[in-house]
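Here the structure comes first, spelled out in structure tokens, and everything after it is commentary.
Where a number appears in this text, it was derived from the coordinates with a stated rule and is not lab data. Just so we're clear, the structure is a prediction, and the values are computed from it rather than from any experiment. Positions of Cβ are backbone-derived with ideal geometry, glycine not excepted, and every protein chain shown enters the neighbour counts.
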Amino acid sequence: MTALPQSVTELPTVTAMRTWWEQKLGRVSRRLGASQIGQECERRLWYSFRWASKGEGFDGRMLRLFDRGHREEAVFIAELRGIGAQVHDINPQTGQQYEFTACGGHFVAKIDGAALNLPEAPKTWHVVGFKTSNAKSFAAVKKDGVLKAKPEHYAQNQVEMRLADLTRTLYLMVNKDDDQVYGERIREDKVAQDALMAKAERVIFSPEPLPGISKDPAFFKCKMCPASAVCHSQQLAEVSCRTCLHATPEKDGDGRWSCAKRSIPSLTLAEQQAACCDHLFIPALVTWGAVDDANEAENWVQYKTPDGFVFRNGPRAVGSYSSKELNALPLAALRSDELQAIRNSSLPDAEWVPREDFKAVA
């Protein structure tokens, strides 16, 4: 008698490993990275640099997959050294990868390494860039080259060469399906480099969101964007100093942010993440209405919706909401007489609630 097939369940150990990845503390990107600058949409880059959305939200499997790329770097370096190349991959002063910054320290390129004595050009220093890929992407790069098949990688390479003051990149990609390796030498492209550096300046120092690639939320690139809800719907941005109208990315220093409201010349990373009770959204991020009035001394901005509904972003009061409240409550909750009666009856102790609690209202 043939045994009945057993239901396939995940081994608890595997579940625990996946959960471990998901529970790891995610690092906030302090700077705009060279690996991002090749993205087509400058608005998406602005939202990312300003921490306006919660990000990609990858599961444990995907996080482990991304880490696979980092693990592959050591293999490439060992192989290059094995063929006689001189490779510098760790800065002895920091114990980390070599990194170069621009735009007042807000833009960073972290290179996988620099190599000399490569067979193609033994006397020329090269930036080395390592990538992993599935078979489909690998075949595209092998057929068309990096510029056409992976323009984001090409942009990263150009910025790395500009900031590291080198003129060549050795680009190596491994096919994760069969371990086949593709290599390409990329020359500096000063026109492309100038354009990419200008793009970084725009993204970093623009006080408001930059134009996007489409105004249609159904556009396929917008549907896949982690900032789609903030860009195309009425979801307000996340609350941090970087979404506050009082904060400014300064052009001097090592990625310095200042606060005009509290006269703080250099906000720490923790302060930027937490934000203070004086936070007011950059008006362009409040898509529910247009600015109707403002009072700098009392620290509020008033908005009016197209149908005439008025509300304030400022100290909590009747008709006035902190940024955390506005982020948590949909506009429908502000319009609800019942919900507002509950909130107003407990002021000033009333506090914002998670957005999920008001799905029915929305």
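Annotations
- Other residues with beta-carbon under 12 Å from the beta-carbon of ILE111 carry, at +1 per Lys or Arg and -1 per Asp or Glu, a net charge of -4.
- Volume of the Cα convex hull of the range 236-358, divided per residue and given in Å³: 111
- Spin-label zone in the range 151-178 - amide nitrogen under 17 Å from a point set 7 Å from the Cα of GLU188 along the C-beta vector: 155-171
- Highest mean packing comes first when the peptides 170-177, 311-318 are listed by Cβ atoms within 10 Å, giving 170-177, 311-318.
- Charge tally for ASP278 (other residues, Cβ to Cβ under 9 Å; Lys, Arg +1; Asp, Glu -1): +2.
- Protection proxy ranking, peptides 236-245, 154-163, 210-219, average beta carbon neighbours within 10 Å, highest first: 154-163, 236-245, 210-219
- Extension gain, ARG71 to ASP307, is 79.4 nm, computed as 0.36 nm per intervening residue step minus the present C-alpha separation.
- Local electrostatic count at THR124 - Lys and Arg +1, Asp and Glu -1, tallied over other residues with Cβ under 10 Å: +2
- Segments 126-133, 40-47 sorted - mean Cβ within 10 Å per residue, highest first: 126-133, 40-47
- Among beta bridges from DSSP that stay inside the chain, the antiparallel ones total about 75%.
- The DSSP beta bridges internal to the range 236-358 are antiparallel in roughly 90% of cases.
- Relative to one another, the C-alpha centroids of the range 314-348 and the range 234-288 are positioned 22 Å apart.
- 13 Å cut-off, amide nitrogen to a point 7 angstrom out along ASN117 Cα→Cβ, residues in the range 70-97: 80-88
- Dipole axis of the chain (+1 Lys, Arg; -1 Asp, Glu on Cβ), positive-most option in TYR321, THR9, PRO265: THR9
- In degrees, nearest ten, helix 135-144 long axis to first principal axis of the chain (Cα): 70
- Label-to-label distance, GLU298 versus ASP179, with points set 7 angstrom from Cα along the beta-carbon direction: 7.1 nm.
- Per-residue extension of 0.36 nm, minus the Cα-Cα distance of LYS215 and PHE100, leaves a gain of 37.9 nm for this segment.
- Gain in span if fully extended, ALA284 to LEU11, counting 0.36 nm per residue against the direct Cα distance: 93.5 nm
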